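Q: Sharing a structure, written as structure tokens. Questions coming.
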Amino acid sequence: MRLIENHDSTGEKPLFLMVAFDAPHHPTTIPGAYNDTMEYAEATKGATTLERKLFAANMRIVDNAVANIMRALDKKDMSKDAYVVVTSDNGAV
């Protein structure tokens, strides 16, 4: 977020930001502190296997990270001129 916060959005220099998440690639793990949160419980509701729960939790973590990036862009009034592309290569799960 510091890169966005420190970017001079009033000038002529555009910002290129690429964020590559390793989630939800195998081996699928989640941060231990996240395991005990209500958000984990909500993200994994309906998942019937541990693998599906880990996948769902990982996707929630990625969703939250993208939301944080978007909020940072909004705060700097940069989102109106932004192209945001979210893609995944993990079709095997």
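The values are calculated or read from the model by the stated rules, or taken from the named source; none is laboratory data. Since this is a predicted model, take the numbers as computed values, not measurements. Please note: Cβ atoms are built from the backbone with ideal geometry, for glycine as well, and neighbour counts cover all protein chains shown. Accessible surface areas use protein heavy atoms only, side chains included; no ligands, DNA or RNA. Shrake-Rupley method; radii C 1.70, N 1.55, O 1.52, S 1.80 Å.
Q: Heavy-atom accessible area per residue, the chain, 1.4 Å probe: how many Å²?
A: Per residue, the chain has 78 Å² of solvent-accessible surface.
Q: Which value, in debye to the nearest 20, gives the size of the charge dipole of the chain about its Cα centre, when Lys and Arg are +1 and Asp and Glu are -1 at the Cβ?
A: In debye, rounded to 20, the chain gives about 120.
Q: Taking all protein chains as present, what is the carbon and sulfur share of the accessible area of the chain, in % to the nearest whole number, probe 1.4 Å?
A: Carbon-and-sulfur percentage of accessible area, whole number: 54.
Q: Which of the listed residues, T44, A20, N58, is farthest toward the dipole's positive end in region 1-68, when Lys, Arg count +1 and Asp, Glu count -1 at the beta-carbon?
A: T44
Q: Quick check: the angle from helix 50-75's long axis to the longest principal axis of the chain, C-alpha only, nearest 10 degrees?
A: Helix 50-75 sits at roughly 20 degrees to that axis.
Q: Hey, what's the per residue convex hull volume over the C-alpha atoms of region 49-93, in cubic angstrom?
A: Convex hull volume per residue, Cα atoms: 57 Å³.
Q: Moving to a separate point now. Can you pull the one-decimal nm distance between simple spin-label points at E39 and R52, each 7 Å off the Cα toward Cβ?
A: 2.3 nm
Q: Can you list the lysines whose alpha carbon sits under 20 Å from that of K53, skipping same-chain ones fewer than 8 residues off?
A: K45
Q: Report the Stokes-Einstein translational diffusion coefficient (µm² s⁻¹, integer) for the chain, Rh taken as the Kirkwood radius over Cα pairs, at 4 °C with viscosity 1.567 mPa s.
A: Translational D for this selection: 86 µm²/s.
Q: Say the dipole of the chain comes from +1 at the beta carbon of Lys and Arg and -1 at that of Asp and Glu; which of I30, I69, Y83 then lies farthest toward its positive end?
A: Of the options given, the answer is I30.
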